[in-house]
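Beneath this line is the structure, given in structure tokens, with notes to follow.
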Protein chains: 2
Amino acid sequence: MDSQQFREFGKAAIDTVADYMDSIRNRNVLSSVEPGFLLKALPEDAPEQPEDWKDVLKDFNETILSGVTHWHSPRFHAFYPTGSSYASIVGNILCEGLGVMGFSWMSSPVCTELEVVTLNWLGKLLGLPEEFLNCSSGSGGGVIQGSASEATLVGLLAAKEKTVRRLLKVNPSMDEGEIKSRLVAYTSDQCNSSVEKAGLLGSMQMKLLKADADGRLRGETLKKAFDEDRAQGLIPCYVVANLGTTGTCAFDPLYELGPICNEQNVWLHVDAAYAGTAFICPEYRHLMKGVEFADSFDLNPHKWMLVNFDLSAMWVKDAYDLINTFDVQRIYLADIKTDTKIPDYRHWQIPLGRRFRSLKLWTVMRIYGAEGLREHIRVQISLAQHFAKLVRSDDRFLVEPEPSMGLVCFRLKEGDNVTKRLLKNLTEKKEIYMVAATYRGRYIIRFVICSRLTNIDDVNYSWNKIKEEANLICSQNIHVKANTPALNHIESVNIYEKSK
Amino acid sequence: MDSQQFREFGKAAIDTVADYMDSIRNRNVLSSVEPGFLLKALPEDAPEQPEDWKDVLKDFNETILSGVTHWHSPRFHAFYPTGSSYASIVGNILCEGLGVMGFSWMSSPVCTELEVVTLNWLGKLLGLPEEFLNCSSGSGGGVIQGSASEATLVGLLAAKEKTVRRLLKVNPSMDEGEIKSRLVAYTSDQCNSSVEKAGLLGSMQMKLLKADADGRLRGETLKKAFDEDRAQGLIPCYVVANLGTTGTCAFDPLYELGPICNEQNVWLHVDAAYAGTAFICPEYRHLMKGVEFADSFDLNPHKWMLVNFDLSAMWVKDAYDLINTFDVQRIYLADIKTDTKIPDYRHWQIPLGRRFRSLKLWTVMRIYGAEGLREHIRVQISLAQHFAKLVRSDDRFLVEPEPSMGLVCFRLKEGDNVTKRLLKNLTEKKEIYMVAATYRGRYIIRFVICSRLTNIDDVNYSWNKIKEEANLICSQNIHVKANTPALNHIESVNIYEKSK
């Protein structure tokens, strides 16, 4: 394929994407295909000869599109949003056009420096304490990771290395393996499954502490766990606080957890994957009160900030904590400077390779501007509030807990079985998509404003679908209560949540 | 930005990329910027108001492009190639346009199934044993990981879990922590730094065994290490064999390592990150003789198969080894089927989120066809052979070791200092880009055919630059030998290599 054909193919793809988004309301959110549909539809072997791009695009439109779950449909209300915007897509075209690797400054200077610049921009927009920023006088800074999972693991490994070094300094006769086996990490039982996975991967026991009735991990719970563990000879090492839990978007009080961690030399990592973007609006910053106690902070612009996956923004107070953990060549490449101001980012992350991901963050921030981004957040939250009002206007429903950010959880008062049946039927009709969770032992349905295209008419549309289904369900209660069929294909937010 | 503006911005970006590639020979490979150039050039804060896309594109062309190291310049001969093609870029536009997550079948059926189909296609093209393929009768299959680093870590964690389970089954009274602390992984001292990092991350001692004079890890070396370690109560668990080492592209003999691993219940992972793509040409398959002994196999289409980063293709003989390692909810989500034929890929990998990466593999395989991909490999290897011939025609140079795939290593007979000076001067002139390595204790320069655009004229151009510089250097030897200045900004392939 020469550059002329690329101009044609590429522009046709741009139109395909624009047409797809323009007509997305004409499609059901969920597809109707059966497992194995594509394995049957496509040839068993790769084509031997080159094919025409027009045939490829035709197959995309006719075959691929038939099996898509439309995450950017305005009626997709499941999980949390995955980011997407035209600005981000174009930013990534430019990234792929250059196709550079950015593992060191020299491997592509602008790839490193634009990451520094955009993470300074974003850190300031969020109101993060200055010491997290590369533009401060200290050794803090931001780095783009692939996901919040990765950031949690990076924090854990850095905390482990730092704790071991600190203890060995005090008592050089201690055994490193022995210290490592006694380290403990903590988070709440409302955490995302990725946090638990980080403990598994990083070989550190991860304790899931009981959240309070509002889903928040409290200071006294953490303090008690530290005390009990220390009494048994264990060493508290790492705490993951959640700003916006997966199930109900609850916020752990950093102002309670932070001082305890700081006093006891325990690394505090803040996972604000979804909700963190809201801090660009000053009216939500009270929810991160105490962030100055944290050692690391992570949010996913690829969730709620209109940036396409993957781009997770992580800031640390002291980048040398990462460099000391990940620089496997620190002894042998003394000539390569590992200054934190112009970083060699390969020492701030797990893999070696890295794309020029900051380009899409840059295009999004410029095309939207800070005002545009704030408006996006405020509109989405107001739509959630509108939905909550609709639900509350219907006596058969309960909104519980209080809506938080773009999430509204609700259930039918008649009971869990009816609520389950409601979700099952709606999912089978494929017009709107929500997933379940549990709250205080009750089965709840989570309704999230996900697509950037969602407007008030879409919310009304989704509510009407829910209400109509409730009308059918509530007149059939006698059957429903008797025996609810197995819910084989209903996803639950549990795939995000911890196992207990 | 509405869809009409996206059509304009997106198409302008397509033209920008095409223009960039069309004129790439007009630029130096290395940029002339100084550290901090972009921090000075860009504003300290994000724009408050939305900006026009034309201004963004203007800044891309005027500011961003000035700081790029041009990895796709036909005169870029450093490291190994990072993949790029028009077909891949367009595939990714479609991926981003849909913007779906594929953590389970239902989260986007086609995202899962196209991954199965394309990895069957690719596995067959490579001539992998059938048991690695999803389309076989067993429980083998392919999965897209982010990088070879990630695949190495996934293999290690699966090997650890499998070994612990096996030993506990035989002797349930053993302590799990105790077993884990005695597990050992092995690779050669020619391995990529990411292999060593996998040991650090996965908390398993990684022994770097001495390669033979040709850079290959031999069976007898491995056997001896196993025996010595078992005698000390350690448990051999995981071996990473390299097909195409980073420094000199040497191939470990799988037919020697494999039977030893199989006999001793040790997981054999094959890292064929760069060179593995060559196996689509039958004439190179003898280099993977013994692959049937492997438990897992990984190659990076994002290196040599024209696919943009990131897309690492990993196959395992038994996918349940991954599922048993990564499915943190296996007990609680019994209703979600974890069959290996229609996989829930989140259980085959470290993160939860996953993009629709198979789309770009699909577009590349269709637009090139198997024949087009083979031709790409054969042309690149023949260009490397042409370069080797040019170097050998000049008495001042030595080619050493034998060229392998697209890599030719060479040095000046006069000695390491002169060779170093040659590379330093060429790097300062920025017209061509190569990096150094060591071979049998000597400083060598690695010349790799990287860009898909490189043709015979480009190779002649690069060779002429090298020869001209040698002409200057070799008449200045007396100065050179006296005192070579510090080589502050010469990258070495060491950033890929192990630390010892």
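In the protein assembly as shown, taking the dipole from charged Cβ atoms about the Cα centre, the farthest positive-side position among A:I445, B:V240, B:Q205 is held by B:Q205. How big is the B-A contact in terms of buried accessible area, both chains counted, 1.4 Å probe, rounded to the nearest 100 Å²? That pair hides around 12300 Å² of surface in total.
Pairs exceeding a 18 Å alpha-carbon distance, out of A:K360/B:K54; B:K389/B:K424; A:K58/B:K360: B:K389/B:K424. Which residues does the label zone of A:R25 cover in the stretch A:67-97, counting backbone N under 14 Å from a point 7 Å along Cα→Cβ? The answer is A:73-76, whose backbone nitrogens lie closer than 14 Å to the label point. Ranking B:V100, B:C249, B:V164 by Cα position along the charge dipole of the stretch B:86-500, where only Lys, Arg, Asp and Glu carry charges on their C-beta atoms, puts B:C249 farthest toward the positive end. A:A213 label point (Cα plus 7 Å toward Cβ) to equivalent points in the other copies: 7.9 nm, shortest first.
Take the Cβ-Cβ distance between B:E371 and B:K58 as r, set R0 to 60 Å, and report the resulting FRET efficiency rounded to the nearest 0.05.
Numbers: r = 41 Å, r/R0 = 0.69.
So the FRET efficiency works out to roughly 0.90.
Spin-label pair A:N471-B:N324: with each label point 7 Å from Cα along the Cα-Cβ axis, the two points sit 5.3 nm from one another.
Charges on Cβ only, +1 for Lys and Arg, -1 for Asp and Glu, centred on the Cα centroid of the stretch A:3-68; of A:P50, A:S3, A:L65, which one is farthest towards the dipole's positive end? The residue sitting farthest along the positive end of the dipole is A:L65.
Annotation: A:E283 carries an accessible surface of approximately 80 Å², with a 1.4 Å probe and no ligand, DNA or RNA atoms counted.
Just report the Cα centroid separation between the stretch A:344-406 and the stretch A:24-102, whole Å. Comparing the Cα centres of the stretch A:344-406 and the stretch A:24-102, I get a distance of 22 Å.
Sorted from shortest to longest, the distances between the A:G177 label points of this copy and the other copies are 1.3 nm, with each point 7 Å from Cα along the line through the beta carbon. Once you have a ≥ b ≥ c as the square roots of the Cα gyration tensor eigenvalues for the stretch B:3-68, tell me rounded if a/c is under 1.5, and otherwise prolate or oblate according to whether a/b is larger than b/c. Oblate, since a/c reaches 1.5 and b/c is not below a/b. Bridge orientation summary for the protein assembly as shown: considering DSSP beta bridges with both residues in this region, about 55 percent are antiparallel. Gain on full extension, evaluated as 0.36 nm per residue between A:K169 and A:R392 minus their Cα-Cα distance, stands at 74.4 nm.
Over the stretch A:3-68, accessible surface divided per residue gives 48 Å², non-protein components excluded, 1.4 Å probe. With an 8 Å Cα cut-off and a minimum separation of 6 or more residues, compute the relative contact order for chain B in percent. Here the relative contact order equals 22 percent. Stokes-Einstein, applied to the Kirkwood radius of chain B over Cα pairs at a viscosity of 1.002 mPa s and 20 °C, places its translational diffusion at 87 µm² s⁻¹. Going through the cross-link list A:K160/B:K180; B:K124/B:K341; A:K180/B:K317, which pairs have a Cα-Cα distance over 22 Å in this structure? The answer is A:K180/B:K317. Neighbouring Cβ atoms from other chains, within 10 Å of the Cβ of residues in B:361-367, number 6 on average. Note on surface exposure: A:K207, B:K169, B:K223 rank B:K169, B:K223, A:K207 by accessible area, highest first, 1.4 Å probe. On full extension, the segment bounded by B:E178 and B:E130 gains 13.6 nm, given 0.36 nm per residue less the C-alpha separation. The portion of the accessible surface of chain B made up by carbon and sulfur, rounded to a whole percent, is 48 (1.4 Å probe; DNA, RNA and ligands excluded). Taking a ≥ b ≥ c as the square roots of the eigenvalues of the alpha-carbon gyration tensor, the stretch A:1-123 is classed oblate because a/c is 1.5 or more while a/b is no larger than b/c.
For the stretch A:131-178, what does the alpha-carbon gyration tensor say about shape, rounded, prolate or oblate, given a ≥ b ≥ c as the root eigenvalues, a/c under 1.5 as rounded, and a/b over b/c as prolate? Here the stretch A:131-178 falls in the oblate category.
If you put +1 on each Lys and Arg Cβ and -1 on each Asp and Glu Cβ, how big is the dipole of chain A around its Cα centre, in Debye rounded to 20?
1240 debye
Sorted from shortest to longest, the distances between the A:E375 label points of this copy and the other copies are 5.0 nm, with each point 7 Å from Cα along the line through the beta carbon.
Going by average Cβ density within 10 Å per residue, which order do the peptides A:370-381, A:345-356 take, highest to lowest?
Final packing ranking: A:345-356, A:370-381.
If you count only protein heavy atoms with a 1.4 Å probe, what accessible area per residue comes out for the stretch B:133-193, rounded to a whole Å²? I get 34 Å² per residue for this part. Using the Cβ-Cβ distance between B:S66 and A:E263 with R0 set to 45 Å, the FRET efficiency from 1/(1 + (r/R0)^6) comes to roughly 0.40. Adding -39500 (n - 2.57) for every DSSP H run of four residues or longer, then dividing by how many residues the protein assembly as shown holds, sets the calculated 222 nm ellipticity at -13500 deg cm²/dmol.
All distinct Cα pairs of the stretch B:187-342 go into the 1/r average, and the inverse of that average, the Kirkwood radius, is 16.8 Å. Pairs of alpha-carbon atoms within less than 8 angstrom and 6+ residues apart define the contacts here; what relative contact order does the stretch B:271-402 have, in percent? Reported relative contact order: 20 percent.
The aspartates and glutamates whose alpha-carbon is closer than 15 Å to the alpha-carbon of B:K224, local same-chain residues fewer than 8 away aside, are B:D212, B:E256, B:E263.
Assuming charge only on the beta carbon of Lys and Arg (+1) and of Asp and Glu (-1), the dipole of the protein assembly as shown about its Cα centre is about 980 debye to the nearest 20. With a cut-off of 10 Å between beta carbons, the residues surrounding B:N242 carry a summed charge of -1, where Lys and Arg count +1 and Asp and Glu -1.
The values are calculated or read from the model by the stated rules, or taken from the named source; none is laboratory data. Just so you know, these numbers come straight off a predicted model, no measurement behind them. For neighbour counting, all protein chains shown are included, and Cβ atoms are generated from backbone atoms with ideal geometry for every residue, glycine included. Quick note on the areas: whole protein, heavy atoms, side chains included, nothing else; ligands and nucleic acids left out. Shrake-Rupley method; radii C 1.70, N 1.55, O 1.52, S 1.80 Å.
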